[in-house]
Amino acid sequence: MTRRRRIPLGIRATANLFRPMMRLAISKEWRGLETLPDHGFIVVSNHVSELDPIAVGLAVVKSGTIPHFLAKDSLFRIPVVGSALSRLQQVPVARSDRTAAKQSLQVAQSALDRGGAIMIYPEGTLTRDPDLWPMRAKTGAARLALSTGVPLIPFTHWGVQDVLAPYAKFPTPWPRKKYVLQVGEPIDISDLRNRPLTKTVLAEATQRIEAALTEGVAQLRGEQPPEHIWDRALNQRVPRNQLRARGGEDSTP
């Protein structure tokens, strides 16, 4: 790696705690970390296991970048937990009112200005797709990328779910598994950046995120993805352009 930023002690200590445990259960292959920007960026990733934040976070730390995960603002009000999240420079997400949401955006922007990476799972939860393909994404990552103007980088990975399956209560660390993580090309939303944040613009940017994650997972699996994408609200696969169709050119978010 050519980039060497000073990673705060708390984050280094956390990484050092999880790294040996992950090594015992799973071997890794990281592809493309050297291509990451030297300035702030947003990471969007597929979500197949509760171990994903550890697996992806360790890769970002290895690149010399501080990972900032989004967390509910209520967690920051819990004794000990809140102070730990603050020390680890995580970002509170407030949805209670516009003022609180604006403050969350300012915290995220500050982290990006310092060269950090904002970590987002666009699906909002572990994939519900029966075959673990990326499902319909929420618009939050697109909104943040369009609001801040920073690069939007897809991280796709495969194999962590063999250690801890989605919604499983216990891991299966033996025999030792392997996972691969790859950094994709920045998602091009340049043509959308100077347009008002209508529902249609957010839907178009979100659809590009879905496409990038699906393509990356397909490469890692060596398989063709399904023609349609899983919609959690409908509990079935739907046409991939459906999200875009829901918005209108004159709609506001």
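The values are calculated or read from the model by the stated rules, or taken from the named source; none is laboratory data. For clarity, every value in this text was computed on a predicted model and none was experimentally measured. Positions of Cβ are generated from backbone atoms using ideal geometry, with glycine treated the same way; all protein chains shown enter the neighbour counts. Areas reflect the complete protein model, heavy atoms only, side chains present, ligands, DNA and RNA absent. Shrake-Rupley method; radii C 1.70, N 1.55, O 1.52, S 1.80 Å.
The fraction of Cα-Cα pairs per 10 angstrom bin, counted from 0 for the stretch 132-253, comes to 12, 36, 33, 14, 3, 0 percent, rounded to whole percents.
Projected over all directions and averaged, the alpha-carbon convex hull of the chain occupies 13.9 nm². Protection proxy ranking for 233-240, 131-138, using the average of other Cβ atoms within 10 Å per residue and placing the highest first: 131-138, 233-240.
Its relative contact order, with pairs defined as Cα atoms under 8 Å and 6+ residues apart, puts the stretch 10-157 at 36 percent. Hydrodynamic analysis of the stretch 103-202 uses the Kirkwood radius over alpha carbon pairs. Inserted into Stokes-Einstein at 10 °C and 1.306 mPa s, it gives a translational diffusion coefficient of 100 µm²/s. With all protein chains kept in place, the per residue accessible area of the stretch 1-149 amounts to 50 square angstrom at a probe of 1.4 angstrom.
Quick check: residue separation of residue 228 and residue 188 times 0.36 nm, minus the Cα distance between them. What number comes out in nm?
That works out to 12.2 nm of additional length.
Across the chain, C-alpha contacts under 8 Å between residues 6 or more apart give a mean separation that, scaled by the residue count, equals a relative contact order of 24 percent. Its alpha carbons considered, the stretch 1-72 gives a radius of gyration followed by a Dmax of 12.3, 34 Å.
For residue 151, neighbours were defined as the other residues whose beta-carbon sits under 12 Å from its Cβ, and their charges (Lys and Arg +1, Asp and Glu -1) total -2.
With the cut-off at under 20 Å, measuring from each backbone N in the stretch 23-56 to a point 7 Å along the Cα-to-Cβ line of residue 219 picks out 28-38, 41-48, 55-56. Per atom type, the stretch 116-221 shows carbon and sulfur on 54% of its accessible surface, probed at 1.4 Å.
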